[in-house]
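Visitor: This is the structure I have questions about; it appears just below.
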Amino acid sequence: MKVHGLSELKQLQKQLQAQRQARAAQEAARQAAERERQTRKHLFANAVGPVQPLRSSGHRHLRPAPALPLPLQRERDEQAVMLEALSDEFDAETLLHTDEHLSFRRPGMGADVVRKLRAGVWSIQRQIDLHGLRRDEAREALGQFIRETHKAGLRCVRVVHGKGLGSPGRMPVLKGRVHSWLIQKTEVMAFVQARPVDGGAGALVVLLRPRRA
């Protein structure tokens, strides 16, 4: 590069000086950034203490596939159905208390429970009418009724089985079946023949076990 005259020489010197200053400023900024990085690194190392990097095994860790939801509700329903398999061969007569109305109470329960139940101390909260149902239909309906009312937290229900006036020989066939089925239900604590105002000989008043919280 040829320089013509003193003025051009001075101009060239100014340009070179400006370039040197710019490079010096860039270098100073780079060094400052490096010092800041090192400072942060030392602060982190002092905070966590000595560490050792883990060696990579080269294997990829895959997340296990989520387990399929268990059909818990279906299992509970199936168990409930099995519990409803009430036997028609169960002999309830040996467990009925021989009073004028053939009442029933679980072992360990006092006679006052039956007396209070017959006196209407517990108000009837729901009822089922088994009139007109075949034996299998009545058994299934009664089992479901007892299960659902107990689950709802009810304590006293009425089961209407009829007096059997329309049965062959005018014998209350369904009444005896209902006694047997109710005794087999663990939710049932006691039952008595209903008062005349509540159905008399054609119905039972049933006391259910308290539902566990």
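Visitor: Note down the nm distance, to one decimal, between modelled labels 7 Å out along Cα→Cβ at residue 186 and at residue 32.
Guide: Result: 8.0 nm between the two label points.
Visitor: Between residue 119 and residue 144, what is 0.36 nm times their sequence separation minus the Cα-Cα distance? Round to one decimal in nm. List each step's numbers first, then the result.
Guide: Numbers: separation 25, 0.36 × 25 = 9.00 nm, distance 2.67 nm.
Result for the pair: 6.3 nm of gain on full extension.
Throughout, read-outs are computed from the coordinates displayed, never taken from laboratory work. Since we're looking at a predicted model, the values are computed, not measured. In this analysis, Cβ positions are derived from the backbone assuming ideal geometry, glycine residues included, and neighbour counts consider all displayed protein chains.
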